[in-house]
Amino acid sequence: MSNNKKSDKFLKLINKHKETKKKEKFSGVLADYLSLLEENYDIPKLAHKRLYDVITSEGVSKMDKSSERSHKLFGGEELKTYDYFQGQFFGMERSLAKIMRFLRSASLKGEESRQVLLLLGPVGAGKSALMEHIKRALEKCDSMYHIEGCPINEEPLHLIPRSLRQEFQDLYNIKIEGDLCPVCRHRLKEEFNNDYTQMPISQSSFSARGRRGVGVVPPMDANSQDVTVLIGSEDISKLDLYSEDDPRVLSLNGAFNVGNRGIVEFVEVFKNEIEFLHTMITATQEKSVPSPGKGPMIYFDGVILAHCNEAEWNKFKSENTNEAILDRIVRVNVPYCLEVSEEAKIYKKLLGLSDFDGHIAPHTLEVASMFAVLSRLHPSNKVDALTKMKLYDGKDVIEKGTVKKIDINDLRDEARDEGMTGISTRFIMKAIDSALSDSEKNMVTPISIRDVLIKQVKEQVVAEDDRNRYLDFLGKTLHEEYLNILEKEITKAFVSAYDEQAEALFNNYLDHAEAYVNMATVKDSVTNEEIAPDEQFMASIEEQIGITGTSRENFRVDITAFMFSKLRRGDKVDWKSYAPLKEAIESKLTSSVKQISRIVTKSKSRDKKQKSKYNEMVNTLIEEYGYSEDSAEEVIKFAANNLWRDS
Ligand SMILES: Nc1ncnc2c1ncn2[C@@H]1O[C@H](COP(=O)(O)OP(=O)(O)OP(=O)(O)O)[C@@H](O)[C@H]1O
Ligand SMILES: [Mg+2]
């Protein structure tokens, strides 16, 4: 019964879909088309503009400059972001902005409209995904009008003879580019006695699968390479019926024919033989492609997109006979993501797309993502790898009681082409899959992912330098970093009302520091008495981040000034506002429960009080932090074995 209802509902949807399809489809002749243009001069726009318009129509924003990410990572740069890519592509704003800049200039018929856009990046950096997404944009845009039955869906305005074009342009302010294809020309003559006002015009949507307005050229080796893939061929079976120069023998089904009006994509473009690429260059530069056989060139209007990885590109570039081609390419690097939190979003997206239903313990994707980013960073003399990773992620790094002041742009400058090497997204996804299938409990934890990553690196990373560096990251850097994260997490779970306690410490500290700086007194919250600032209390916080002796005074002055300036600007102030103090407070709270953490997590048999404390902690991990019973057990065991060893 309920099935029936579902099918009813769906049939209705089908009918509705059919209706809208029917209604949309235009059918007419030149006169009808011209009256359409009168309402919308945009209809005959060229491919680059069509693509640019449909992508930007989803929304364009300036990156929110007040946001922390923008401020720290893009400081000063006025970066535009495009809604069409949001939620799908992460940490790629710069590449996307460059791609869109290309499309914009091309849509204004600048030199870019006669260039190939080449995406260059390492394996698994999202080039293919990006291409797919861009092609899909075309499928969303309005259908194109074209001469009915034209194998290359050409623009109906091509019907207008050269001698009338200037008048047309004066009237409509539309410049007509291109001439009829040989097939339409032949038809016009034979079927319509050259009366171009009678040629039928219709409308089709773009479709990658339907090969309408989207042509794809897969890489081909020298042997199987045949230019017919690009420009179509002569149909041998028809050569019996028609003479060789009769356009009816043409099969215009090559990528440039199919992709006319839209996009032609060259997959791994430089795997192709150079001769093959000349057609690509002609297509951009002359806006026409050869006809199969001996016919004249055929007008082509389309966006030519290509992608490849760096090794192929370098090989190609080194052969300097290729200069003519190089000159016609706009290269956009698509490096790996270098922001830990954005990288983790990629994994989340990919997991969401799969049938994956296991449990992912907190910080698992973060740890995997840290590894990926670390592997991609170039070494710097200014900072160690972990610090650089954090800075790139917009995190404050505390050193000697102050936020480390390093300009990210300097780090970027000294490491040009960063992100073009390292561990790929796919490598990490494989590790997540394999950690999951190894697990008896259908879960992945930071601990199991690290184990699998180590295994995978040993098995799959061939270059010895890289392998050692990666193993060092996994074995040392990330081991320690994860323990830090875990210790904080367990402390939080132990301290009831963690945030309140932290906030109380913070307020208390500020009161005393401020009084100290102003040589004033503090009102005791219990006795209401005015008392001198509590040196011992302040020191107990400061020593957490290694501030002792005379540097204390500076620290107190700094923080008081910082808080005042924030308050003056009307900003909200809480215990997380000043990174060094936040770290000190966290550390203070951690050490306050260190003893009990150690005893309770390590001991095999707990007394009643310890048991209840333990259960409370586990409960918090599960209820509030998103662990499962099994993953909580695993990380606690790990903490017991690895933390608190020295006490
Ligand atoms: N920055 C990113 N944002 C979102 N998804 C990404 C990003 N980088 C990679 N991916 C995802 O990773 C997967 C692999 O990427 P893709 O196949 O597009 O890589 P590629 O650059 O074409 O690699 P190859 O050179 O091996 O063909 C895709 O599913 C893609 O969605
Ligand atoms: Mg690819």
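Counting only DSSP beta bridges with both residues in the chain, the antiparallel share comes to about 50 percent.
Dividing the Cα radius of gyration of the chain by 2.2 N^0.38 Å, with N the residue count, gives 1.26.
Rg over Rh for region 322-441 works out to 1.07, using Cα positions for both radii and the Kirkwood form for Rh. Roughly how far apart, in whole Å, are the Cα centres of region 501-526 and region 375-439? When both Cα centres are located, 38 Å separates them.
I'd like to compare 262-273, 323-334: which one has the highest average count of other Cβ atoms within 10 Å, and what's the full order after that?
Values: 262-273: 22.7, 323-334: 16.7.
In descending order of packing, they fall as 262-273, 323-334.
Axis angle, to the nearest 10 degrees, between helix 364-376 and the longest C-alpha principal axis of the chain: 70 degrees.
When every Cα-Cα distance of region 573-645 is counted in 10 angstrom steps from zero, the calculated P(r) takes the values 18, 41, 32, 9, 0 percent. Each principal axis of the Cα cloud of region 203-245 was evaluated for its coordinate range; sorted largest first, these ranges are 37, 33, 14 Å. Tell me the carbon and sulfur percent of the accessible area for the chain, rounded to whole percent, probe radius 1.4 Å. That fraction is 48 percent.
Global dimensions of region 514-581 from alpha-carbon coordinates: Rg and Dmax equal 13.0, 33 Å. Taken over region 277-346, the convex hull of the Cα atoms encloses 134 Å³ per residue. Accessible area per residue for the chain is 51 Å², calculated with a 1.4 Å probe on protein heavy atoms, without ligands, DNA or RNA. For region 489-531, the Kirkwood radius over C-alpha pairs fed into Stokes-Einstein at 37 °C and 0.692 mPa s yields D = 278 µm² per second. Across all Cα atoms of region 220-363, the radius of gyration (one decimal) and Dmax (whole number) stand at 21.0, 71 Å. Segment Glu623..Thr197, full-extension length gain: 146.1 nm, with 0.36 nm per residue of separation and the alpha-carbon distance subtracted.
Please compute the Kirkwood hydrodynamic radius over region 194-266, one decimal place, Å, based on all pairs of different Cα atoms. It would help to have the intermediate numbers written out before the result.
Details: mean 1/r = 0.0708 Å⁻¹.
For region 194-266, the Kirkwood estimate is 14.1 Å.
Please report the equivalent ellipsoid semi-axes of region 80-191, computed as sqrt(5 x eigenvalue) of the Cα gyration tensor, largest first, in whole Å. Display every interim value, and only then the final one.
Working: eigenvalues 260, 61, 33 Å².
Equivalent-ellipsoid dimensions as semi-axes: 36, 17, 13 Å.
Applying D = kT/(6 pi eta Rh) to region 441-567, where Rh is the Kirkwood radius over alpha-carbon pairs, T corresponds to 25 °C and eta to 0.890 mPa s, the Stokes-Einstein value obtained is 131 µm²/s.
Work the Kirkwood hydrodynamic radius out for region 129-252: mean of 1/r over every pair of different alpha-carbon atoms, inverted, in Å. Please list the in-between numbers first.
Working: mean 1/r = 0.0590 Å⁻¹.
So the Kirkwood estimate lands at 16.9 Å.
Add -39500 (n - 2.57) for each DSSP H run of 4 or more in the chain, then divide by its residues: what number comes out at 222 nm, to the nearest 500 deg cm²/dmol?
Estimated from H runs of four or more residues: -16000 deg cm²/dmol.
Rg/Rh, computed from the Cα trace of region 399-510 with Rh as the Kirkwood radius, has the value 1.09.
The values are calculated or read from the model by the stated rules, or taken from the named source; none is laboratory data. Everything numeric in this text was worked out from a predicted model, so none of it was measured. Because the Cβ atoms are built from the backbone with ideal geometry, glycine has one as well, and the counts that use them run over all protein chains shown. To get the accessible areas, we keep the full protein, side chains included, count just its heavy atoms, and leave off ligands, DNA and RNA. Shrake-Rupley method; radii C 1.70, N 1.55, O 1.52, S 1.80 Å.
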